[in-house]
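Novice: Handing you a structure now.
The values are calculated or read from the model by the stated rules, or taken from the named source; none is laboratory data. Only a predicted model underlies this, so the values are computations on that prediction, with no experimental measurement involved. Neighbour counts are summed over all protein chains in view; Cβ atoms, including those assigned to glycine, are modelled from backbone coordinates with ideal geometry. All accessible areas refer to the heavy atoms of the entire protein, side chains included, with ligands and DNA or RNA removed. Shrake-Rupley method; radii C 1.70, N 1.55, O 1.52, S 1.80 Å.
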Amino acid sequence: MAEERFDVLVIGGGITGAGIALDAAARGLSVALVEKDDFAAGTSGRSSRLVHGGLRYLEHGDFGLVRESLRERGILFRLAPHLVRPVPMYMLAGDLRRRATYRAGLTAYEALAAGRNVGYHRAVSAGQVARAMPGLGGPSRGFRYFECGVDDARLTIEVARAAHARGALLANHARVTGLLGEARVTGAAVTDEMTGQRFEVRARAVVNATGVWASQVAGGSVRLVPSKGVHLVFAPGAVRATAALAAPSAAGDGRYIFIVPWEDRVYAGTTDTPYAGDLDRPSVDDADRDYLLAAVAGLFPGVTARDVVASWAGLRPLLGDPADARTSDLSRRHAIIPGPFGLYTITGGKLTTYRAMAQDLVDRVAAFLGGGYGSGPCRTRDIPLGLHGSAAAAVRLAREEVTRLGLPPRTAARLVQRYGDDWPEAARLIGADASLGEPVADGLPVLGVEVALARSREMALTDEDIVVRRTRLTTRDGSVRLTPSGG
């Protein structure tokens, strides 16, 4: 990076920064991206892991954001079918008035999707609800509709890999210590956090895509209200549900809690509270835990704090003034803030709409660069994110191979879901070393090959990169650590 001058330097390796790098590189711009920690180390790896249209935004009358989110959900479902998968979501409605409200809301929601639905809502009986959620405390009828689930950190990695495949240079653990230039921003001074080496990256335009850290990079010209969102993970069998549930919180604050099955576990979230602490290490405090536990235990009797095996906290980069409104009332729309000259800051937004955010930003930067640089149309609607073709077809092929290797058939789906077109490479490594087909920890599905590929395929440089983001070991069991041998 220090040896070239780029059209665009992107600061920030979350989903927005990675999406911008992909969009810009796909239009023929030369791109560098630096991230102070690891890809998806911030908000992009600590979300609710849902690609959703924002049903609750209808309450605020934000139909434009809902329409955009539903459109982007449909695009992502098409581009990454191995990562973005339909999730049946239930809403309980025991009384006639609530059923009428939910039916009207879901009908409007699906109409705004304009044919891009992943499934249509329907009324469900108390018996159907009980079969989907046998641990529910009492009988209740309601509605089932569909959203999509995704491993947010893995999606970020695949977008970053797609950007790299189109010529972008990316570096994680590379911290920006200052911007270059006086009258115009011409790049950034960067420190390699692994070696301490300092270097400069020069570019004709610089993009600040650092989320909650945006005001630090932009020199305080951006006003953000960080909002903390917390999730709890429950031990296998503690919350007996095979489908997701959207339910009002127990606090009577008008918020909804998602309770979502994830492999053999269930997680619940999220909170939405103003945050003024350490941006790098938001914590899960007792109030957060109690808020979510009250909602879950109120629906699934017998669930206690002892059933919580892991948790995570993330920060939303919301635009606004903390004196004006609650964070739950602030818009999830994104904004692009130009200045100083040569610098563009993008913040706000949500995981689902990252691609549209990137398109908006690169359009602005291309106009700034002029001279035909990046002036072509956005191409990211048609760039697959790790898998070409059908996920089901890939799983069928993978099942033949894992059977030949003597592995359980479920391994095929796991390899495809994690590596898309690269599943044969994972299978090849297991064939060469059978130990890589074994779990790295008792009772957890993560295989040794996932640790190996995290290092060789996905730029994992530290143990935390591996256990927190590449394999999600710590959000399955907060006590898991890598052994000295790497297993």
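Novice: Quick one: Gly14 ticks every box in (1) modelled with pLDDT of 95 or more; (2) over 30 Å from Trp423 (Cα atoms) bar one, so which box is it?
Specialist: Only one criterion in (1) modelled with pLDDT of 95 or more; (2) over 30 Å from Trp423 (Cα atoms) is unmet by Gly14, namely (2).
Novice: Moving to a separate point now. Which one is surrounded by the most Cβ atoms within 10 Å (Cβ to Cβ), of the residues in region 280-305 that are of a type in the set (Asp, Glu) and within 22 Å of the chain's Cα centre (by Cα)?
Specialist: Within region 280-305, the match that is surrounded by the most Cβ atoms within 10 Å (Cβ to Cβ) is Asp288.
Novice: Between Ala358, Ala412, Ala393, which is in a helix (DSSP H, G or I) and in contact with a Gly (Cβ under 7 Å, 6 or more places away or on another chain)?
Specialist: Details: Ala412 fails: in contact with a Gly (Cβ under 7 Å, 6 or more places away or on another chain); Ala393 fails: in contact with a Gly (Cβ under 7 Å, 6 or more places away or on another chain).
From the options Ala358, Ala412, Ala393, the qualifying one is Ala358.
Novice: Of the conditions (1) open to solvent by less than 10 Å² (accessible area, probe 1.4 Å); (2) hydrophobic (A, V, I, L, M, F, W, C); (3) within 30 Å of Pro301 (Cα to Cα); (4) touching a helix residue (DSSP H, G or I) at 6+ places or on another chain (Cβ under 6 Å), Ala238 satisfies every one except a single condition; which number is it?
Specialist: Exception for Ala238: condition (1).
Novice: While we're here: Does region 34-44 contain any residue that is without any contact (Cβ under 8 Å) to a residue 60 or more places away in the chain and open to solvent by less than 10 Å² (accessible area, probe 1.4 Å)?
Specialist: no
Novice: Could I ask something else about it? Which members of region 170-205 meet the condition of being among the small types (Gly, Ala, Ser) and touching a strand residue (DSSP E or B) at 6+ places or on another chain (Cβ under 6 Å)?
Specialist: Of everything in region 170-205, those that are among the small types (Gly, Ala, Ser) and touching a strand residue (DSSP E or B) at 6+ places or on another chain (Cβ under 6 Å) turn out to be Ala171, Ala174, Gly178, Gly187, Ala188, Ala189, Ala203, Ala205.
Novice: May I ask you to list the residues in region 362-415 that are of a type in the set (S, T, N, Q), surrounded by 13 or more Cβ atoms within 10 Å (Cβ to Cβ) and within 25 Å of Leu83 (Cα to Cα)?
Specialist: Going through region 362-415, the residues of a type in the set (S, T, N, Q) turn out to be 375, 380, 390, 403, 411.
If we keep only those that are surrounded by 13 or more Cβ atoms within 10 Å (Cβ to Cβ) too, we end up with 375, 380, 403, 411.
Result: Thr380, Thr403, Thr411.
Matching residues to (1) open to solvent by 30 Å² or more (accessible area, probe 1.4 Å); (2) in a helix (DSSP H, G or I):
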{"site": "Glu3", "(1), (2)": "yes, no"}
{"site": "Asp7", "(1), (2)": "no, no"}
{"site": "Ala21", "(1), (2)": "no, yes"}
{"site": "Tyr57", "(1), (2)": "no, yes"}
{"site": "Met89", "(1), (2)": "no, no"}
{"site": "Tyr102", "(1), (2)": "no, yes"}
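Novice: Filter region 252-279 down to the residues that are charged (D, E, K, R) and either open to solvent by 30 Å² or more (accessible area, probe 1.4 Å) or in contact with an Asp or Glu (Cβ under 7 Å, 6 or more places away or on another chain) (or both) and list them by number.
Specialist: Residues satisfying the conditions are Asp253, Arg255, Glu263, Asp264, Asp278.
Novice: Hey, can you tell me all the residues within region 450-471 that are part of a loop (DSSP other than H, G, I, E, B) and closer than 21 Å to Asp421 by Cβ?
Specialist: Within region 450-471, Arg457, Glu458, Met459, Ala460, Thr471 meet the criteria.
Novice: Exactly one of these conditions fails for Phe77: (1) open to solvent by 50 Å² or more (accessible area, probe 1.4 Å); (2) farther than 22 Å from Gly349 by Cα; (3) of a type in the set (Phe, Trp, Tyr). Give me its number.
Specialist: Result: Phe77 passes all but (2).
Novice: Further question: Kindly provide the set of residues from region 223-235 that are surrounded by fewer than 21 Cβ atoms within 10 Å (Cβ to Cβ) and of a type in the set (Val, Ile, Thr), ordered by number.
Specialist: none
Novice: Next question, about the same structure. Check off (1) open to solvent by 60 Å² or more (accessible area, probe 1.4 Å); (2) of a type in the set (Gly, Ala, Ser); (3) over 29 Å from Gln216 (Cβ atoms) for Ser249 and give me the number that stays unchecked.
Specialist: So Ser249 meets the others, but not (1).
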